[in-house]
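Since the structure comes first, as structure tokens, the remarks are kept for the end.
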Amino acid sequence: MKHLPTCVRKNPKMSVFLLGLVVAVIATLLETLRQRYMNYLVYADSTLDFWNGINPYTQRFVDEHGRFFLYTPVFSVLYAPIAFLPKWLGSFVWNLGNYSLFALSVFTLPKQYEAYKLKIFLFLLLILEQSVFSFQFNIVVAYCFLFAFTLLERGKVFWAVLLIMISTTTKVYGVVELLLLFCYQRPIRNLCYAAFLGVFLLILPALKTGFDGLLPCYENWWNMLTTHQSDTYYTSLLYAYPLRYVLDHYRIVQLITIGVVVAVFFWQYRRWPDFKFRATTLGVLMGWIIVFGDSSETHTYLIALAGYMLWYWLQAEHTLFDKVLFWALFVFFGIVPVDAFVPVSVHEFLNNTLYIDIYLFTLTWCKMTLSLWRG
């Protein structure tokens, strides 16, 4: 340590953050100059369509952008401040803002993680940069989960629920965190917050559509969500061979697995006051939405791995198996998907043919869930 620069020794968190920020700036610049920022264009153009009275949930939009827009009308309201910026500026605001907020969500985690925050950020940094490189929304989902948890632990329930409901009403994932509200004082009040804020957010698009046009707007979104077809390969257990053949009824699998988690949660109600139990519950929920998701991608595992970090660093001891799994996850989600580190053909074979990444995290999720039961 004595050979490191003074600034690094005094504030390693800031040093790592700035290093990652430089990478994020370079990635954003390269992709913007090469006009390979399609995810950002989908967000921005769909929002502009909404405000111009044009339906973004159409085949026309898919043909023009090469992908579906599946976010809710609420997203188009909240995204407006970025969408109305010049494209080159908006892409930087989006990427660098998300990178910074994610870092802040890690570095402001509850005090129980104080000794591990830098390790958590370092573990997640490579997959975070992958998400930045492709302008992913999953960064927002991940830091909403983390910020909401920290706010709940600090007694700021209203603001925590607001973040949960923003995540829920834009990309549904956040709804699972509502389960944690039972662990804190006055759960009925907390759920009333969720109901009030949910309704408030859902009617926000009426600012443009009016109340008469609100329901048809949601119908357009729902029809696109339920009828779109895609040959895209997704990185979840539901798409991994050979299980893909026996998991055709994936909704049943999803309901059974989340049902098990919810049942264990309420069975263990005496442990609700225990911080470790609450953090483990959140980690299991963040993992579930990805490993059993029907549209998960490698970048999306930022959410699941952030939840895994909440669980991992609270364990009293780490066995050899735990350590091997830890580094295997880091390699197969952080290093293998990066073309600069591993040839694309090798990545394709390891993760898209053998499905090593999916099975590794599924094993991890099962271990986390088992610890939720056993304590």
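Given the conditions (1) under 24 Å from Leu109 (Cα atoms); (2) buried (at least 16 other Cβ atoms within 10 Å of the Cβ), and given that Thr298 satisfies all but one, which numbered condition is not satisfied?
Single failed check for Thr298: (1).
Starting from segment 312-326, keep only residues that are over 13 Å from Thr364 (Cβ atoms), then list their pairs with residues that are surrounded by 13 or more Cβ atoms within 10 Å (Cβ to Cβ) and of a type in the set (Lys, Arg) whose Cβ atoms are within a distance under 8 Å, requiring at least 6 positions of separation or different chains.
Sorted first by the residue in segment 312-326, then by its partner, the pairs are Trp313/Lys119; Leu314/Lys276.
Yes/no per residue for (1) part of a helix (DSSP H, G or I); (2) open to solvent by 50 Å² or more (accessible area, probe 1.4 Å); (3) on the phi > 0 side of the Ramachandran plot:
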site	(1), (2), (3)
Asp49	yes, no, no
Arg67	no, yes, no
Val74	yes, no, no
Trp88	yes, yes, no
Val93	yes, yes, no
Gly97	yes, no, no
Ile120	yes, no, no
Glu129	yes, no, no
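Take Asn190 and decide whether it is closer than 24 Å to Arg271 by Cβ and not hydrophobic (A, V, I, L, M, F, W, C). Before you say what the answer is, go through the steps one by one.
Details: closer than 24 Å to Arg271 by Cβ: yes; not hydrophobic (A, V, I, L, M, F, W, C): yes.
Considered against the rule, which asks whether it is closer than 24 Å to Arg271 by Cβ and not hydrophobic (A, V, I, L, M, F, W, C), Asn190 comes out as yes.
Taking the conditions exactly as written (open to solvent by 10 Å² or more (accessible area, probe 1.4 Å), at pLDDT below 95 and over 24 Å from Phe149 (Cβ atoms)), does Leu370 satisfy them or not? Let's see the steps before the verdict.
Numbers: open to solvent by 10 Å² or more (accessible area, probe 1.4 Å): yes; at pLDDT below 95: yes; over 24 Å from Phe149 (Cβ atoms): no.
In short, no.
Restricting to segment 9-40, name every residue that is under 21 Å from the mean Cα position of the chain (by Cα), surrounded by 19 or more Cβ atoms within 10 Å (Cβ to Cβ) and not small (Gly, Ala, Ser).
Correct list: Phe17, Thr28, Tyr37, Asn39, Tyr40.
Could you list all residues from segment 324-375 that are farther than 18 Å from Tyr308 by Cβ and assigned to a helix (DSSP H, G or I)?
Scanning segment 324-375 gives Val344, Ser345, Val346, His347, Glu348, Phe349, Leu350, Asn352, Thr353.
If you check Asp63 against the conditions, is it charged (D, E, K, R), more than 23 Å from Lys208 (Cβ to Cβ) and open to solvent by 10 Å² or more (accessible area, probe 1.4 Å)?
Numbers: charged (D, E, K, R): yes; more than 23 Å from Lys208 (Cβ to Cβ): yes; open to solvent by 10 Å² or more (accessible area, probe 1.4 Å): yes.
Yes; evaluated as a whole, the condition is true for this residue.
Quick check on my filter: what residues within segment 306-332 are of a type in the set (Phe, Trp, Tyr) and either modelled with pLDDT under 90 or open to solvent by 50 Å² or more (accessible area, probe 1.4 Å) (or both)?
Scanning segment 306-332 gives Phe321, Trp327.
I'd like the full set of residues that are within 20 Å of the chain's Cα centre (by Cα) and open to solvent by 40 Å² or more (accessible area, probe 1.4 Å), limited to segment 333-360.
Selection gives Ile335, Tyr359.
The values are calculated or read from the model by the stated rules, or taken from the named source; none is laboratory data. The model shown is predicted, which means the values in this text are computed figures rather than measured ones. Cβ coordinates were reconstructed from backbone atoms using ideal geometry, including for glycine residues, and neighbour counts include every protein chain displayed. Just the protein is used for accessible areas: all its heavy atoms, side chains included, with ligands, DNA and RNA removed. Shrake-Rupley method; radii C 1.70, N 1.55, O 1.52, S 1.80 Å.
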